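The values are calculated or read from the model by the stated rules, or taken from the named source; none is laboratory data. The model shown is predicted, which means the values in this text are computed figures rather than measured ones. Note that each Cβ is placed from the backbone with ideal geometry, even for glycine, and that neighbours are counted across all protein chains shown. Side chains are part of the model used for accessible areas, which takes the heavy atoms of the whole protein and leaves out ligands, DNA and RNA. Shrake-Rupley method; radii C 1.70, N 1.55, O 1.52, S 1.80 Å.
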Amino acid sequence: GNSVTQMEGPVTLSEEAFLTINCTYTATGYPSLFWYVQYPGEGLQLLLKATKADDKGSNKGFEATYRKETTSFHLEKGSVQVSDSAVYFCALWMDSSYKLIFGSGTRLLVRP
Amino acid sequence: EAGVTQFPSHSVIEKGQTVTLRCDPISGHDNLYWYRRVMGKEIKFLLHFVKESKQDESGMPNNRFLAERTGGTYSTLKVQPAELEDSGVYFCASSPFRTGATGELFFGEGSRLTVL
């Protein structure tokens, strides 16, 4: 079946450090890939997306590239801020099933 | 424009009791989803409404869970009787029908359920 695996957290970084959160997927077909973020006390919100192989999604300094050959969609940011502290969820969408499938989430804590 | 609204934000009940969670989607959104996150694990799909019809309820854990969407507007998720393993955060999400950017769902803040 379709599934998403992401690195376990928590990930603790100092401000301005480089961030990578790994995400790999298993899917029959060609999914769209997403990163959602949940800030403290808020609901999930879409961070970025990519709908086909080699697409790069970007938003708020975050980037992720859809790699079909490695079935990955790793999230990166060159310089994290304290305000980036949140839980990040990788997800895939199949048009055939019309629902999002999420990974387990990775908590990021950025220290000043 | 109001976002997806869920209540209660937190409910604490005893095993065997009943709880009803409510979700008000964004106005005009035909798609409504329920998801659940248990014990910090992955967010799992429960079911999907299109307007008032259940499109997919393959994720509902068992018959203790009942979801309804009256008139295609708000939705309720009832757990009766609640068990300890039902504890978790229940998320509701909505999206327009046949949105051009599939997979872009709008989520509520979640309803945290604690069963003692």
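List of remarks:
- Residue selected from the range B:59-116 under the condition aromatic (F, W, Y) and part of a loop (DSSP other than H, G, I, E, B), by the criterion most open to solvent (accessible area, probe 1.4 Å): B:F97
- Scope the range A:7-66; condition more than 19 Å from A:G103 (Cα to Cα), out of contact with any Ser or Thr (no Cβ under 9 Å at 6 or more places or on another chain) and aliphatic (A, V, I, L, M); matching residues: A:L13, A:A53
- Residues in the range A:89-104 that are open to solvent by less than 30 Å² (accessible area, probe 1.4 Å) and of a type in the set (G, A, S) were compared, and the one that is farthest from the other protein chains (Cβ to nearest Cβ) is A:A91.
- Count - residues of the range A:74-93 that are over 25 Å from A:K52 (Cβ atoms) and more than 10 Å from the chain's Cα centre (by Cα): 8
- Some residue of the range B:81-91 being more than 19 Å from B:A2 (Cα to Cα) and within 9 Å of another protein chain (Cβ to nearest Cβ): no
- Residue in the range B:28-43 that is basic (K, R), loosely packed, with under 15 Cβ neighbours inside 10 Å and within 11 Å of another protein chain (Cβ to nearest Cβ) present: yes
- Residue in the range A:94-105 that is charged (D, E, K, R), at pLDDT below 95 and not in a strand (DSSP E or B) present: yes
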